[in-house]
Amino acid sequence: MNLLITGGAGFIGSNLIHHVIDRPEVTKLVNLDCLTYAGRLENLASVTQHPKYCFEKVDLRDKTAVFEVVQRHGITHVMHLAAESHVDRSITGPGDFVHTNVVGTFNLLEACRAMWLTDASRITSTLRSTATEDGHHASRFHHVSTDEVYGSLGATGLFTETTPYAPNSPYSASKASSDMLVRAYHHTYGMATVITNCSNNYGPFQFPEKLIPVVIQSVLARKPVPVYGDGMNVRDWLYVRDHAEALWVVLTRGRAGETYNIGGHNEWANLPIVNVICDLIDEMAPQLGGNSRKLITFVKDRPGHDRRYAIDASKIQKELGWLPAHKFEQGIRETVRWYLENQEWVRSVLKR
C-alpha cells in the first residue's frame, strides 16, 4: 500500500507513524501535515530518514495541493487524522474547525475519488474487479473521528456504533459533519471507507493543552492545577499506542462501509485523574517537595461541557479481535514518566 496519513506530525498521528512504518504491507508512507501549533516534525525525528517515509507540508483546505499529493504518490490507502481538535479553541474560534474538519475532509475525499474512481460510469465494475471475497478493496479511506459526536451520557449507558449523533460543541459538530461526508461517499460512490470513533487519547507527544499534559506541567511548575466545575466529568481513556494498533487493524481488516468504536475500557472522572498524576509526580520527582494535590484549583466550567462519555468497543473486539493492552494505571504511569524525561520537548512546544 501507498499509505497517506494526514496529521502525522500531531499527537496521535506521530504515534501511528511510528507504529506502522515498518509493516511489510506499507510500500510508501506519506505524512501530510500543515504544521499548525500542534504539529511538530520533532515527533518523527527517528523516522525522517526511513526509506518509506515522505513528508508533504500541505493544508487540507488547499484542494489543488491535496489532489496533487494523492496523484503524485499514487495513494492507495488513507488514514485521515488531521483535524482541529481542542474543544476550548472551537468555542472561541469555530470557523477554523469548519474549514479544516469539514471542507478539508471533503477535499481529501474528492482527491481520492478522482484517483480511485476516475470514471463514474465504471464505479461498479471497478469495485467488482478490486474487491476480494471478504469485501476488501485495493483502496481504503479510513476516517478517524471521536466519541464526542454522540453527545453526553447520563450516569449509565455506553455509546455504540448505532447511537444517534448529538454533538454539543463546534468541534464535535465539525467531526460529525465529516463523518457523514465519509459515509455518503461510501453509499453514493462505492468508495471503500471505514470510520472509527475513539475515546479520549493520552500518552507521549500530546500537546500541552489537553487535561493530562496540562496537569503534569502545572504540577512540575508548582502552579495551580485547573479543574473544570466539580471535576466529575467522566471520560473513557485510551492509551495512544493501543489506539494506533486499533487503527491499523481497522484499516487492514475492517469491513468497508462500517463504523467501529475504539475505547480503552477505562472510565475515569477528571478529579481522580488529577489526583493520580499529582501522586505519581510526588513519587517520581520527590525533589519538588510533595503534597502536589494542594495545587488543585477548581475553575468555572466551560460551556457545553458534556458530563460523561463511555464507549462500547465490543464490535471491534468481536469482529476484529482488538482489545486495549494498557490499563489506565499502567498507561498514565508511562505517560507521566515520558513527560518528566522529555521536558526539552515540552519547552520547545510551549515556546513555539
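The values are calculated or read from the model by the stated rules, or taken from the named source; none is laboratory data. Remember, it's a predicted structure, so these values are computed and weren't measured experimentally. Quick reminder, even Gly has a Cβ in these numbers, built from the backbone with ideal geometry, and neighbours come from all protein chains shown.
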*Please verify whether the range 128-151 includes one or more residues that are under 23 Å from R337 (Cβ atoms), among the basic types (K, R) and in contact (Cβ under 8 Å) with a residue 24 or more places away in the chain.*
no
_Return the residues of the range 186-214 that are among the hydroxyl-bearing types (S, T, Y) and touching a strand residue (DSSP E or B) at 6+ places or on another chain (Cβ under 9 Å); say none if nothing qualifies._
T193, T196, S199, Y202
*Assess whether E84 counts as being over 21 Å from Y202 (Cα atoms) and acidic (D, E).*
no
*Exactly one condition in (1) modelled with pLDDT under 95; (2) surrounded by fewer than 18 Cβ atoms within 10 Å (Cβ to Cβ) is not met by V87; state its number.*
(2)
*Scan the range 49-69 and give yes if some residue there is in contact (Cβ under 8 Å) with a residue 60 or more places away in the chain and either under 19 Å from the mean Cα position of the chain (by Cα) or crowded, with 16+ Cβ neighbours inside 10 Å (or both), otherwise no.*
yes
*Which of the residues belonging to the range 181-203 are under 14 Å from the mean Cα position of the chain (by Cα) and modelled with pLDDT of 95 or more?*
I195, T196, N197, C198, N201, Y202, G203
_Out of the residues in the range 12-42 meeting the condition of being farther than 24 Å from C112 by Cβ and modelled with pLDDT of 95 or more, tell me which one is surrounded by the fewest Cβ atoms within 10 Å (Cβ to Cβ)._
D22
*Does the range 101-114 include one or more residues that are modelled with pLDDT of 95 or more, touching a strand residue (DSSP E or B) at 6+ places or on another chain (Cβ under 6 Å) and on the phi > 0 side of the Ramachandran plot?*
no
*Would you check if there is a residue in the range 160-180 being of a type in the set (F, W, Y), at pLDDT 95 or above and in a loop (DSSP other than H, G, I, E, B)?*
yes
